[in-house]
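This report refers to the structure that appears directly beneath it.
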Amino acid sequence: MSLTIENLKVALQKKEILHGISLYMEEGEFISLLGPSGCGKTTLLKSIAGLLKIGQGDILVHNTSVVEMPPEKRGMVIVFQDLRLFPHMTVERNIGFPMEIQKVPKDVRKERVKRLLEEVQLSGFENRRVKDMSGGQKQRVALARALAADPEILLLDEPFSGLDEHLRLEMGNLVKKLHQERNITTILVTHEKREALQMSDRIALMSGGQILQYDTPKNIFRKPASKEAAEYFGKANYVKGRVENHRFCSRLFEADTDLEDGDYEAMVRPLSVRLEKGGTDTILNITFMGEMAEVEIETPEGSVLSHMPSLRLEELELEQGGQARIIIEEKETAWFRREGGD
Ligand SMILES: Nc1ncnc2c1ncn2[C@@H]1O[C@H](COP(=O)(O)OP(=O)(O)OP(=O)(O)O)[C@@H](O)[C@H]1O
Ligand SMILES: [Mg+2]
């Protein structure tokens, strides 16, 4: 089912938390809500699910407003970070619970639980109590229980936090697989940029109860709409320059562009800054990060960050205090207009 959110405003204890959120999702789309703690991600999910009263705006599922509908009629399921399982009950009982409420006969329930456990790769765990399972297994049970309700829209509020990187990746792949098989419209709330970039059709980047940008992973990473959006996805250099006759000129690089004439800053990611031997710029600092190293270089334009393979840096014998030449590789970049020149 497609999901449309129109100018949604939500207040909690008389304080407005969501300030006019608009978002459209196609049927079967997978999006991530990304943003700093407290920006309103959980509030947005709860509002969509009907667990919070909205102040203004509309929520439409397949062109029909669900604002007046109770949560259980909306065709949605929400999985919370704390999972909300019943620890002393068996896996079967936990997963079967939504069906028990719907008065699905016991043998049908049993059969469905069996299939759901297969889907989340927990076959044979029917009689295990949830309290005796690992974190990753509990998350699979929570996922299976969510799917038991056969939702059209799946809302996941950081269900993989607290897992180590390996398990997180595994859970991510499982969710993606289930999403593809069932074509469920899915919203995943996450703090993890990489997870959002890898898994989503689109990412809604939130800050302070608003959406800063809603776009594909590639666009949001490469063409951030603001410096705030740019910085959320990692470090960035801003190179000041001027555009005249569709050419951007700066002291560090030049590039063709279709921008109007004027003063701009070009955003350049550290990975797009390569260093060579020679040149007159001073290496201020080198930080080893494993495969890559971060190098800070002093230039006439201020300090610039480069991310280089650490082995390559050693091959070139570039060291702190030495000199290097900067080459900016990625010339198709994001541009920000500069007011007042300089
Ligand atoms: N019941 C409540 N009453 C009043 N304010 C609340 C309530 N719940 C949340 N808030 C406030 O609303 C804002 C958004 O909270 P929300 O839980 O939606 O953030 P979040 O983006 O999910 O954060 P996190 O990443 O930490 O989970 C915060 O400033 C929070 O303090
Ligand atoms: Mg939250």
Of the residues in segment 279-336, those that are surrounded by 13 or more Cβ atoms within 10 Å (Cβ to Cβ) and at positive phi number 1
Do we have Val61 as within 18 Å of Leu188 (Cα to Cα), at pLDDT 95 or above and within 24 Å of the chain's Cα centre (by Cα) here?
-> yes
### Task
Test Ile220 against the criterion of being in a strand (DSSP E or B) and open to solvent by less than 50 Å² (accessible area, probe 1.4 Å), and give yes or no.
no
Taking segment 110-123 and keeping only residues that are within 21 Å of Glu181 (Cβ to Cβ) and not hydroxyl-bearing (Ser, Thr, Tyr), one is left with Glu111, Arg112, Val113, Lys114, Arg115, Leu116, Leu117, Glu118, Glu119, Val120, Gln121, Leu122
State yes or no: is Ser123 part of a loop (DSSP other than H, G, I, E, B), within 16 Å of ligand 2 (Cβ to nearest atom) and either more than 23 Å from Tyr24 (Cβ to Cβ) or not assigned by TED's automatic domain parsing to the domain that holds Met25 (or both)?
no
Per the filter on segment 284-342, residues charged (D, E, K, R) and part of a strand (DSSP E or B) are Glu294, Glu296, Glu298, Arg325, Arg337
- Scanning for something open to solvent by less than 50 Å² (accessible area, probe 1.4 Å), closer than 26 Å to Leu178 by Cβ and at pLDDT 95 or above, does segment 7-20 turn up at least one residue? no
Here the residues within segment 126-143 that are open to solvent by 80 Å² or more (accessible area, probe 1.4 Å) and outside any loop (DSSP other than H, G, I, E, B) are Arg129, Lys131, Asp132
Of the residues in segment 32-68 that are of a type in the set (Val, Ile, Thr) and within 16 Å of ligand 2 (Cβ to nearest atom), the one that is least open to solvent (accessible area, probe 1.4 Å) is Ile48
Any residue that is among the acidic types (Asp, Glu), in contact with a Leu (Cβ under 9 Å, 6 or more places away or on another chain) and at pLDDT 95 or above - is there at least one of those in segment 68-85? no
Those strands (runs of 3 or more DSSP E) completely within segment 144-212 that have 1 or more residues that are of a type outside the set (Ser, Thr, Tyr), more than 16 Å from ligand 2 (Cβ to nearest atom) and at pLDDT 90 or above are 153-157, 202-207
Going through segment 126-140 in order, the residues found to be under 19 Å from Glu165 (Cα atoms) and not polar (S, T, N, Q) are Met133, Gly135, Gly136, Lys138, Arg140
Checked segment 2-20 for anything within 15 Å of ligand 2 (Cβ to nearest atom) and under 16 Å from Leu205 (Cα atoms); matches are Ile17, Leu18
Taking first residues from segment 31-58 that are closer than 26 Å to Arg194 by Cβ and β-branched (Val, Ile, Thr) and second residues anywhere that are within 13 Å of ligand 1 (Cβ to nearest atom) and open to solvent by 10 Å² or more (accessible area, probe 1.4 Å), the pairs with Cβ under 9 Å that are 6 or more apart or on different chains are Thr42/Phe80; Thr42/Gln81; Thr42/Glu158; Thr43/Leu12; Thr43/Ile17; Thr43/Leu52; Ile48/Ile78
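The values are calculated or read from the model by the stated rules, or taken from the named source; none is laboratory data. Worth saying up front: this structure is predicted, and the values here are computed from it rather than measured. With ideal geometry, Cβ positions are generated from the backbone for all residues, glycine too; neighbour counts draw on all protein chains shown. Heavy atoms of the whole protein, side chains included, go into the accessibility calculation; ligands, DNA and RNA do not. Shrake-Rupley method; radii C 1.70, N 1.55, O 1.52, S 1.80 Å.
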